[in-house]
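As structure tokens, the structure follows; a few thoughts come after it.
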Amino acid sequence: MRLLIAAPANGAILKDALKAHLQNDPRVSSLVDLSSSEGSYPQLSFAAAEEVAAGRADRALLVCGTGVGTAIAANKVRGIRAATAHDLLTLRGSVENYDAQVLCMGQNVIAAPAAWALVDIWLDLRHNTSSGYAPKVGEIEAYERGK
């Protein structure tokens with residue numbers, strides 16, 4: 001999987017902890033860190049989401065203080081579905097049901113070991129195109145195309 005990771009200053013500690021695990025994960029064929037000390041969470045979120053939308057990365061992992069700001073910003077990029085998830089049910093639903101390509105987490109919300117446990121599961125999750133949610137994702141995509 002080609003993966004991007006990014007965080008502004010208020011997410012750097014959790015981002016660095018997750019990055020250390022991801023660098024050694026055989027499921028990750030490419031890991032690019034888009035973080036910069038002067039980058040704001042919107043700038044970093046837009047950059048990561050644009051790379052995913054263009055097909056140059058498969059997914060992105062964004063970390064800020066709560067995970068909410070990065071999700072809001074990433075969702076402004078056409079074709080992107082970003083979700084904030086700090087629990088297993090939300091994490092699974094975000095990918096299996098809603099085909100979210102961007103996972104957002106909050107450094108102030110979740111400890112690194114718990115975040116890694118979720119990211120470890122996230123790497124194996126795939127969208128279920130035969131579920132009852134698949135047509136709803138299609139509705140979202142159609143609405144977006146019509147804008």
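For the peptides 108-120, 41-53, 59-71, residues were scored by their other Cβ atoms within 10 Å and the scores averaged per peptide; the highest-first order is 59-71, 41-53, 108-120. Can you give me the C-alpha center-to-center distance between region 33-48 and region 82-143, rounded to a whole angstrom? About 21 Å separates the Cα centre of region 33-48 from the one of region 82-143. The relative contact order of the chain comes to 24 percent, based on Cα pairs under 8 Å that sit 6 or more residues apart.
Based on Cα contacts under 8 Å between residues 6+ apart, region 34-85 shows a relative contact order of 37 percent. Once the Cα atoms are used to define both axes, helix 41-53 deviates from the longest principal axis of the chain by about 50 degrees.
With the full set of protein chains in place, find how many percent of the accessible area of the chain is carbon and sulfur; take the probe as 1.4 Å. It is 55 percent, rounded to a whole number. Computed over protein heavy atoms with a 1.4 Å probe, the accessible surface of the chain works out to 49 Å² per residue. Here's the picture: charge each Lys and Arg Cβ at +1 and each Asp and Glu Cβ at -1 in region 23-124, and of Leu118, Ala73, Gly39 the one pushed furthest to the positive end of that dipole is Ala73.
Computed from point charges on the beta carbon alone (+1 for Lys and Arg, -1 for Asp and Glu), the dipole magnitude for region 32-123 about its Cα centre is near 220 Debye. Looking at the square roots a ≥ b ≥ c of the eigenvalues of the Cα gyration tensor of region 21-88, which shape do they give, rounded for a/c under 1.5, prolate if a/b is larger than b/c, or oblate? Rounded, since a/c falls under 1.5.
The angle between the Cα long axis of helix 134-146 and the main principal axis of the chain comes to about 90°, on a 0 to 90 degree scale. Look at the dipole of the chain built from charges on Cβ: of Ser30, Val102, Ile140, the Cα furthest out on the positive end belongs to Ile140. The label point for Met1 and the one for Ser131, both projected 7 Å from the Cα toward the Cβ, are 1.5 nm apart.
Each peptide among 5-14, 72-81 gets the average number of other Cβ atoms lying within 10 Å of its residues, and from highest to lowest they stand as 5-14, 72-81. Counting only aspartates and glutamates at least 8 places from Lys136 when in the same chain, those with an alpha carbon closer than 14 Å to its own are Glu96, Asp99, Glu144.
The values are calculated or read from the model by the stated rules, or taken from the named source; none is laboratory data. No experiment lies behind these values; they were computed from the predicted model shown. All Cβ positions, even for glycine, are placed from backbone atoms using ideal geometry, and neighbour counts span all protein chains on display. Side chains included, ligands, DNA and RNA excluded: accessible areas come from the protein's heavy atoms. Shrake-Rupley method; radii C 1.70, N 1.55, O 1.52, S 1.80 Å.
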